[in-house]
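The values are calculated or read from the model by the stated rules, or taken from the named source; none is laboratory data. Note that the structure is a prediction, hence the values are computed from the model and not measured. Cβ coordinates were reconstructed from backbone atoms using ideal geometry, including for glycine residues, and neighbour counts include every protein chain displayed. Areas reflect the complete protein model, heavy atoms only, side chains present, ligands, DNA and RNA absent. Shrake-Rupley method; radii C 1.70, N 1.55, O 1.52, S 1.80 Å.
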Amino acid sequence: MVGPPPLAATRLHLLLLLLCCCLAGGASASPAAAALRRVSPRASPGGLCQQLLLPLGYPCTEHTVETDDGFLLSLQHIPHGKNGLADNAGPPVFLQHGLFQGGDTWFINSAEQSLGYILADNGFDVWIGNVRGTHWSKGHSTYSVHDKLFWDWSWQELAEYDLLAMLSYVYTVTQSKILYVGHSQGTIMGLAALTMPEIVKMISSAALLCPISYLNHVSAGFVLRAVAMHLDQMLVTMGIHQLNFRSDMGVQILDSLCDDELLDCNNLLSSITGENCCFNSSRIDYYLEYEPHPSSTKNLRHLFQMIRKGTFAKYDYGWWGNIKRYGQLHPPPFDLSSIPESLPIWMGYGGLDALADVTDVERTVKELRSTPDLLYVRDYGHIDFIMSVKAKDDVYVDLMRFLRAKQGWHSSY
């Protein structure tokens, strides 16, 4: 009897493995899965402004932009702090969140330690980006979130389409070059976008929290296990194109990855990002009301390609797919040396970060033509840079110093 072809057999094996893992995970929920089930996502009406900013007295307006490939993205504008003057706005600063996060990430720490509030209170004209697929950006001119094609994107499209659309809108409205601030995936998008002349011309300086262009030295146990299990291929085989850890299937996947004696998921955050010295644990339930946001399986696969191949390049469709899309066998790299030497760049990174590893950050710095301002915080992990109980003093004071110095502007606040 002739068996199935090797590729079909491999896919069947992966499918059965994930199904078994999910069933096993459901039997004994990990602490992380229990927390996700315990705290329900916030179901309040209205957008980010209505839910987070306006109740605290901050001015905030909602904006919608459409990308060239039809996605409808939500932007929020906070022109000044709650005690500021409307005619005294400083330079525009654009904040771009990371993976499985949304624009809310800049506001869910305490008001005294959240970068979004701090920048507004210090006179900056704050704009918040939300990429496709997040709770705040679920619209499309043709597709719904239930369509496979809605999720046919990776961080490459987030850089080439989402950032282009959002930054172009802010640039047009403000008639001013923009200060770019990104965290984690927001730095992957930012660095890729800064190699594009049509985007870099709109940027006056860039501040990157936990900068990532290479992922060769990722040491996070959760991530390494997912890569080793070929989780990305399993999800594609099962026809799962939206990766949502608030769904039943997403929680089961989380359980399956944590169901291992070698992977301690009692502190899932540490398993994913590395140790965080100063995470504001008093805000965890509030954090879980908003996050994690959905992303696409294709995006996860692109990130895993970076880990496996050690490259900072466009999505790899395989030889034939690459020839059709790029006209070459291998996906083109994003050339960091093409970022203008004249563009001021600031980078904040931590010694405990298991995603933006110090060695990979140093490689990024070496490939840039300019010499970035660097802030190294030895005991900081990946999430500390946005959720630390002392983020303002440890990180944001220096970040604002950089933004002001490169803009030639001094706040009166």
(message) Can you find, within the stretch 272-299, the residue that is most open to solvent (accessible area, probe 1.4 Å) among those that are assigned to a strand (DSSP E or B) and touching a helix residue (DSSP H, G or I) at 6+ places or on another chain (Cβ under 6 Å)?
(response) Phe279
(request) Kindly list, by first and then second residue, each pair from a residue in the stretch 271-285 that is touching a residue at least 12 places away in the same chain (Cβ under 8 Å) and closer than 29 Å to Val227 by Cβ to a residue that is buried (at least 17 other Cβ atoms within 10 Å of the Cβ) and charged (D, E, K, R), limited to pairs with Cβ atoms under 8 Å and residues at least 6 apart or on different chains. (result) Thr273/Asp353; Gly274/Asp353; Asn276/Asp384; Cys277/Asp384; Cys278/Asp384; Cys278/Asp394; Phe279/Asp384
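Which residues, taken from the stretch 165-204, are of a type in the set (Ser, Thr, Tyr) and either out of contact with any strand residue (DSSP E or B) (no Cβ under 9 Å at 6 or more places or on another chain) or surrounded by fewer than 22 Cβ atoms within 10 Å (Cβ to Cβ) (or both)?
Just the residues of the stretch 165-204 that are of a type in the set (Ser, Thr, Tyr), to begin with: 168-169, 171-172, 174, 176, 180, 184, 187, 195, 204.
Answer for the stretch 165-204, where residues must be of a type in the set (Ser, Thr, Tyr) and either out of contact with any strand residue (DSSP E or B) (no Cβ under 9 Å at 6 or more places or on another chain) or surrounded by fewer than 22 Cβ atoms within 10 Å (Cβ to Cβ) (or both): Ser168, Tyr169, Tyr171, Thr172, Thr174, Ser176, Thr195, Ser204.
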(message) Condition (residue is over 15 Å from Val389 (Cβ atoms) and modelled with pLDDT of 85 or more) applied to the stretch 257-273: is it met by at least one residue?
(response) yes
(message) Residue pairs, Cβ under 7 Å, 6 or more apart or interchain, first in the stretch 123-142 and among the acidic types (Asp, Glu), second surrounded by fewer than 20 Cβ atoms within 10 Å (Cβ to Cβ) and part of a loop (DSSP other than H, G, I, E, B). List them.
(response) Asp125/Ala89
(request) Answer yes or no: is there a residue in the stretch 236-243 that is assigned to a strand (DSSP E or B), surrounded by fewer than 21 Cβ atoms within 10 Å (Cβ to Cβ) and either out of contact with any Asp or Glu (no Cβ under 6 Å at 6 or more places or on another chain) or without any contact (Cβ under 8 Å) to a residue 40 or more places away in the chain (or both). (result) yes
(request) Please specify each residue of the stretch 34-70 satisfying the condition of being open to solvent by less than 20 Å² (accessible area, probe 1.4 Å), modelled with pLDDT of 95 or more and over 26 Å from Leu119 (Cβ atoms). (result) Gly70
(request) Scan the stretch 300-337 residue by residue and report those that are surrounded by 13 or more Cβ atoms within 10 Å (Cβ to Cβ), under 15 Å from Thr195 (Cα atoms) and touching a residue at least 60 places away in the same chain (Cβ under 8 Å). (result) Phe312, Lys314, Phe334, Leu336
(message) I'd like the full set of residues that are aliphatic (A, V, I, L, M), out of contact with any Phe, Trp or Tyr (no Cβ under 9 Å at 6 or more places or on another chain) and outside any loop (DSSP other than H, G, I, E, B), limited to the stretch 348-371.
(response) Val365
